[in-house]
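Asks: Before I ask anything, here is the structure I am working with.
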Amino acid sequence: MPVEMEKTVTKLMYDFQRNSTSDDDSGCALEEYAWVPPGLKPEQVHQYYSSLPEDKVPYVNSPGEKYRIKQLLHQLPPHDNECGGQINGGDIAVFASRAGHGVCWHPACFVCSMCNELLVDLIYFYQDGKIYCGRHHAERLKPRCTACDE
């Protein structure tokens, strides 16, 4: 794990422990967990976590807590669908509605999956998790004539 990410994980773990949620009704803190779903009663929290695999439950200082933080770091900020790189707040990104909610690309990564031509200002097609220019999308449906290229 890179040093910068290790520092972020350490800070997140510290913040989660410091801000543990307690049950207002009983005064009993749910301190065994690094995070609890907001708005649930203690019995609901225990029921929720009992439905997860034991190694994914975010007990304080556990592999489950580290797993949760790793997942948060992966999800936030969004990642480019092509290169996997982070897209930070203020960055320019392409969101293609046909690809689904939250799927995005750096402008330079929004290219046809067959010819790698930029598609930022062109018509694109999204099929089976890949983006295509008009030509290559059409070729997937029906081959071109080799004599006239139509």
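The values are calculated or read from the model by the stated rules, or taken from the named source; none is laboratory data. Predicted, not measured: the structure shown is a model, and the values here were computed from it. Cβ coordinates were reconstructed from backbone atoms using ideal geometry, including for glycine residues, and neighbour counts include every protein chain displayed.
Yes or no, residue by residue, for (1) polar (S, T, N, Q); (2) touching a strand residue (DSSP E or B) at 6+ places or on another chain (Cβ under 8 Å); (3) loosely packed, with under 14 Cβ neighbours inside 10 Å:
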site: G64; (1), (2), (3): no, no, no
site: R68; (1), (2), (3): no, no, no
site: Q75; (1), (2), (3): yes, no, yes
site: H79; (1), (2), (3): no, yes, no
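Asks: Do we find a residue being in a helix (DSSP H, G or I), of a type outside the set (A, V, I, L, M, F, W, C) and surrounded by fewer than 16 Cβ atoms within 10 Å (Cβ to Cβ) anywhere in the range 138-146?
Replies: Yes, the range 138-146 contains a residue that is in a helix (DSSP H, G or I), of a type outside the set (A, V, I, L, M, F, W, C) and surrounded by fewer than 16 Cβ atoms within 10 Å (Cβ to Cβ).
Asks: Filter the range 89-104 down to the residues that are farther than 15 Å from Y126 by Cα and surrounded by 10 or more Cβ atoms within 10 Å (Cβ to Cβ) and list them by number.
Replies: Scanning the range 89-104 gives D91, A93.
Asks: While we're on this one: Filter the range 102-120 down to the residues that are assigned to a loop (DSSP other than H, G, I, E, B) and within 21 Å of H136 (Cβ to Cβ) and list them by number.
Replies: Across the range 102-120, the qualifying residues are V103, H106, F110, C112, S113, M114, C115, N116, E117, L119, V120.
Asks: Something else: I need a count of the residues in the range 88-108 that are in contact with a Gly (Cβ under 9 Å, 6 or more places away or on another chain) and under 16 Å from K130 (Cβ atoms).
Replies: Number of matching residues: 1.
Asks: Let me ask something else about it. Provide a single number: the residues in the range 34-73 that are closer than 28 Å to N88 by Cα and either part of a loop (DSSP other than H, G, I, E, B) or not aliphatic (A, V, I, L, M) (or both).
Replies: Here the count works out to 15.
Asks: Would the range 108-125 turn up any residue that is more than 30 Å from D55 (Cα to Cα), under 20 Å from the mean Cα position of the chain (by Cα), of a type in the set (A, V, I, L, M, F, W, C) and surrounded by 17 or more Cβ atoms within 10 Å (Cβ to Cβ)?
Replies: Yes; the residues of the range 108-125 include at least one that is more than 30 Å from D55 (Cα to Cα), under 20 Å from the mean Cα position of the chain (by Cα), of a type in the set (A, V, I, L, M, F, W, C) and surrounded by 17 or more Cβ atoms within 10 Å (Cβ to Cβ).
Asks: Would you say I69 is aliphatic (A, V, I, L, M), under 30 Å from V45 (Cα atoms) and within 20 Å of the chain's Cα centre (by Cα)?
Replies: Yes.
Asks: Out of all the residues in the range 80-101, which are free of Cβ contacts under 8 Å to residues at least 24 places away in the same chain and not in a loop (DSSP other than H, G, I, E, B)?
Replies: Q86, F95, S97
Asks: Just a yes or no: is a residue in the range 128-137 farther than 22 Å from P78 by Cα, out of contact with any Cys (no Cβ under 7 Å at 6 or more places or on another chain) and modelled with pLDDT of 95 or more?
Replies: No, every residue in the range 128-137 fails to be farther than 22 Å from P78 by Cα, out of contact with any Cys (no Cβ under 7 Å at 6 or more places or on another chain) and modelled with pLDDT of 95 or more.
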